[in-house]
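Enquirer: This is the structure I have questions about; it appears just below.
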Amino acid sequence: MPAGDTLERLYDAHATSLYAFALSLTRRDSDSRDLLQDLFVKLARHPGALDDVHDERSFLLRWMRNAAVDLFRRRQSREHLGEALAEETASPFAPAPDPDDQAFRDALAEALFELPEEQRAIVQLKLWEGMTFEAIAQLLNISPNTAASRYRYGLDKLRLRLRPLYEELQ
Amino acid sequence: MKPDDFENTLARVPLRRPPADWRAAILATARQVAIPSRQVRTNHPPSLRGILENWIHRLATPWPALAATAACSLLLNGAAQTISPALGTPPQAVSWQPGQSMAEALRQHRSQVLALVSSEEPELESASPSPASNPPASNKPRSQNRPADHRHPAQPAPSPA
């Protein structure tokens, strides 16, 4: 089991990225918190899970995505039963003091949520985690070319959607 | 592929941090859930595999001694099987042969018995009358051979006429 200080170190080092990735995948603050909680419980229950891992961030992001996929499956079954949750989406971006910046960030969050999940995850990992296509492909079990093509499709959609605001900011 | 200005602008947007109060709650829950899971695991009834593992682990030291004992018994058994043919036939199959002194004593005992039997035969013949010396039985009934005085009291005496 990771020691207490190890759990704290992991939280301080990766919680922001994990939380933002969870928000990007689930769009819901409560789900993101549950996923983050489950991930650290899993870390506490599996001693040595990170012993042979050279890239903790990629490893933990993979855990987060797998947990989110499981959540989607459970939610689909619930929504088929007419129990769709009515909760406002939460932005994965920090609030901005400047109203124009905040408007851009809100628009960016909306445009991001409109992307298909496979494009959204790759854009998130590429732009805000700085991962290479090889690392993204390994994390998502796809080829690097597929990761690169999905990224370009997603980025073009964001560009088209955010062009007016982006030109205003420039 | 070099990122363009649009990508750089997007990448500079800071990510939202989780609320500050989550940290203590998430870490405390992780620790609490992890420790009871260990306790529950130890409180479960032990499985057969666990029992065997524990037993073998506890007997790790006597195992070599037990193996050595088994090897010794096997060696002794094999050695006994190779030695027994050299000893000859088993005891119950050996015919009994008396010794020289015992055979001599038996011979003397037999000769004495024969001497005694041969010396006693004439005396026996002289002491007992031979069947040929007995008088021959009369052909009359035994009632007619009786004397006259020995009649039955209930029987009337024959008349003189």
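Enquirer: Determine which single condition A:L60 fails, assuming it passes every other condition in (1) within 11 Å of another protein chain (Cβ to nearest Cβ); (2) under 19 Å from B:R16 (Cα atoms); (3) out of contact with any Phe, Trp or Tyr (no Cβ under 6 Å at 6 or more places or on another chain).
Expert: (1)
Enquirer: Let me ask you something else. Which pairs do you get when a residue that is more than 7 Å from every other protein chain (Cβ to nearest Cβ) and without any contact (Cβ under 8 Å) to a residue 40 or more places away in the chain, found in the range B:9-31, comes within reach of a residue that is among the β-branched types (V, I, T) and surrounded by 15 or more Cβ atoms within 10 Å (Cβ to Cβ), reach meaning Cβ atoms under 6 angstrom, with the pair 6+ apart or on two chains?
Expert: Short answer, once both residue conditions are applied: none.
Enquirer: Something else now. Could you check the range A:130-149 and list, in sequence order, the residues that are part of a loop (DSSP other than H, G, I, E, B), touching a helix residue (DSSP H, G or I) at 6+ places or on another chain (Cβ under 6 Å) and open to solvent by 30 Å² or more (accessible area, probe 1.4 Å)? Give the steps one after another, and end with the answer.
Expert: Keep residues of the range A:130-149 that are part of a loop (DSSP other than H, G, I, E, B), which gives A:130-132, A:141-143.
This time we only want the ones that are touching a helix residue (DSSP H, G or I) at 6+ places or on another chain (Cβ under 6 Å), so: A:131, A:143.
Listed by number, the list holds a single entry, A:S143.
Enquirer: On to the next question. Among the listed residues A:R105, A:R120, identify the single one that is assigned to a helix (DSSP H, G or I) and at the interface with chain B (Cβ under 9 Å from one of its Cβ atoms). So that I can check it myself, show each step before the final result.
Expert: Values: A:R120 fails: at the interface with chain B (Cβ under 9 Å from one of its Cβ atoms).
Every option except A:R105 fails the conditions.
Enquirer: A further question on this structure: Only one residue in A:R74, A:R65 is assigned to a helix (DSSP H, G or I), among the basic types (K, R), away from chain B (no Cβ under 13 Å) and open to solvent by 70 Å² or more (accessible area, probe 1.4 Å), so which one is that?
Expert: Working: A:R65 fails: open to solvent by 70 Å² or more (accessible area, probe 1.4 Å).
After applying the criteria, what remains is A:R74.
Enquirer: Answer with yes or no whether A:A94 is in contact with a Pro (Cβ under 8 Å, 6 or more places away or on another chain) and within 12 Å of chain B (Cβ to nearest Cβ).
Expert: So A:A94 passes the test.
Enquirer: Then there is this: A:D55 - would you say it is exposed (fewer than 15 other Cβ atoms within 10 Å of the Cβ) and away from every other protein chain (no Cβ under 11 Å)? Don't jump to the end; show me each part of the working.
Expert: Working: exposed (fewer than 15 other Cβ atoms within 10 Å of the Cβ): yes; away from every other protein chain (no Cβ under 11 Å): yes.
When the stated conditions are applied, A:D55 passes them.
Enquirer: Identify the residue in the range A:25-48 that is buried (at least 21 other Cβ atoms within 10 Å of the Cβ) and of a type in the set (G, A, S) and, among all such residues, is nearest to the other protein chains (Cβ to nearest Cβ).
Expert: This residue is A:A44.
Enquirer: Do you know which residues across the range B:1-60 are assigned to a loop (DSSP other than H, G, I, E, B), farther than 25 Å from A:Q124 by Cβ and modelled with pLDDT under 65? Walk me through it before giving the result.
Expert: Filtering the range B:1-60 for residues assigned to a loop (DSSP other than H, G, I, E, B) gives B:1-4, B:12-14, B:16-19, B:44-47, B:59-60.
Cutting the leftovers down to farther than 25 Å from A:Q124 by Cβ gives us B:44-47, B:59-60.
Within the range B:1-60, B:H44, B:P45, B:P46, B:L59, B:A60 qualify.
The values are calculated or read from the model by the stated rules, or taken from the named source; none is laboratory data. Quick caveat, the model's predicted, so the values are computed rather than measured. Here the Cβ is made from the backbone with ideal geometry for all residues, glycine too, and neighbour counts use every protein chain on show. Just so you know, the surface numbers come from the protein's heavy atoms only, side chains and all, with ligands and any DNA or RNA stripped out. Shrake-Rupley method; radii C 1.70, N 1.55, O 1.52, S 1.80 Å.
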